[in-house]
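Worksheet: the structure to be examined is printed underneath.
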Amino acid sequence: MRLFKNRGDIYIAKSGVNASKQTKILYALLAATVVFTVVFVVLLSQRYDTVAAFFADGEVTATEQAVLSDEEQLPHIAGKTNFLVMETDDAQTELHYLFLLQADKDNLAYKTAALPLDLTVEGVPITDIFAQGGSAALQKQLTEYFGFTIDYQVQFKASSFVEFVNKLGSFVYTANREIRFSGGEGDDSYSLRVNEGEQRLSGRDINNLLRYYAQEEKNYAAENELVLAMFRGIFNTENYEKSDSLYRLFVKSCNTDITVRDFENGKNALMVYCTKNTDITVYAVTAEAQDGELTAETLKALKGYFSHE
């Protein structure tokens, strides 16, 4: 018989035999459901801390798979490349700052070392070497002095550096203090206004702050930090997509021995560095000098970090 006429009515068997048999079946199904539920909950609790984590798992897994898929498509890169980067006044007679930079493709890292402006090589100031022979002569002398190859040199005039970096875009930099400064003379004067905390730096901000750290404070650790933040910030996927036009602007903006062939050969590395972006590992050597000569500890550290081996 039926107790109700609608869907979901409770069914009661007409005979006691049928009722007993159906009751046993129902109890068995109920017991199986309970056992399954308990086992499922136990297994679920071992993998997920919360219910929200369970429902989010599909999305996280999909995202991780997408990221993994992108990374699997990146080309394999290897080797190490050293650059000597320097910036001068617009008359190209005075060095404002210079630093070594290595793209360590074996370990997917940037390495940098800001160099003192009063550094001497075999008793000759690097400013004199630059004044007499230019950036190529300085590259050659420093290669012999350090004992490792500087593969390329890049020399920017102040105004060209600002213009080029502005094309690459700004990036977030965290300053540990406020800086207000005006210096230089005549056409080579500059001013600096940096606030404490996070802020976006333009090409002019970056240039003037690097100059301030090198010339005024001789704070090579801070200079290194800014260089590394700059490269991790402006080497991104958007700029990689524009890399051909940016390279053409680059060679117009500076004096360099990086050729079109070098650029084309380095495109795979450029793709990886721009894609990985802020995930790139960074290292820095803080230069220490006495009477214009780097200490033995600094020279040893530089050779250890910038060697091609």
Region 64-198 - Kirkwood radius from inverse mean 1/r over Cα pairs (Å): 17.7 Å
Rounded D (µm²/s) - region 181-309, Kirkwood Rh over Cα pairs, Stokes-Einstein at 4 °C, 1.567 mPa s: 74 µm²/s
Quick one: 3J(HN,Hα) in Hz for region 163-177, Karplus 6.51/-1.76/1.60 with θ = phi - 60°, rounded, Gly and Pro as x. 4, 5, 5, 4, 5, 6, x, 8, 8, 7, 10, 9, 8, 7, 6
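So if R0 is 30 Å, what FRET efficiency would Asp106 and Lys167 give, r being the distance between their Cβ atoms, rounded to the nearest 0.05?
The value I calculate is 0.50.
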Ignoring everything but the protein chains, give the 1.4 Å probe accessible area of Met271 in square angstrom, nearest 10. 50 Å²
What is region 213-293's relative contact order, in percent, from Cα pairs under 8 angstrom and six or more apart in sequence? 47 percent
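Of Lys167/Lys218; Lys167/Lys242; Lys80/Lys303, which sit over 18 Å apart, Cα to Cα? Kindly include the intermediate steps, with their values, before the conclusion.
Numbers: Lys167/Lys218 28 Å; Lys167/Lys242 10 Å; Lys80/Lys303 13 Å.
Pairs exceeding the cut-off: Lys167/Lys218.
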Suppose each label sits 7 Å from its Cα in the direction of the beta carbon; what would the Thr281-His308 distance come out to in nanometres? 2.2 nm
Ignoring ligands, DNA and RNA, what percent of the accessible area of region 220-266 is carbon or sulfur (1.4 Å)? 50 percent
Roughly speaking, what is the stretch gain from Gln290 to Lys252, that is 0.36 nm per residue apart minus the C-alpha to C-alpha distance, in nm to one decimal? 9.9 nm
Residue-span extension gain [Ser159 to Glu196] - 0.36 nm each, minus C-alpha spacing: 10.8 nm
Between His76 and Lys242, what's the calculated FRET efficiency when r is the beta-carbon distance and R0 is 30 Å? Round to 0.05. 0.80
Compactness of region 242-309, expressed as Rg and Dmax over alpha-carbon positions, Å: 16.7, 45
By average C-beta atoms within 10 angstrom, highest first, the peptides 92-98, 241-247, 279-285: 92-98, 279-285, 241-247
How far, in nm, would the chain grow between Thr143 and Glu178 when pulled straight, counting 0.36 nm per residue and subtracting the alpha carbon separation? 8.9 nm
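The values are calculated or read from the model by the stated rules, or taken from the named source; none is laboratory data. Here the structure is a predicted model, which means the values were calculated and not measured. Note that we place each Cβ from the backbone using ideal geometry, even for glycine, and neighbour counts take in every protein chain shown. Note: areas computed on protein heavy atoms with side chains; ligands, DNA, RNA excluded. Shrake-Rupley method; radii C 1.70, N 1.55, O 1.52, S 1.80 Å.
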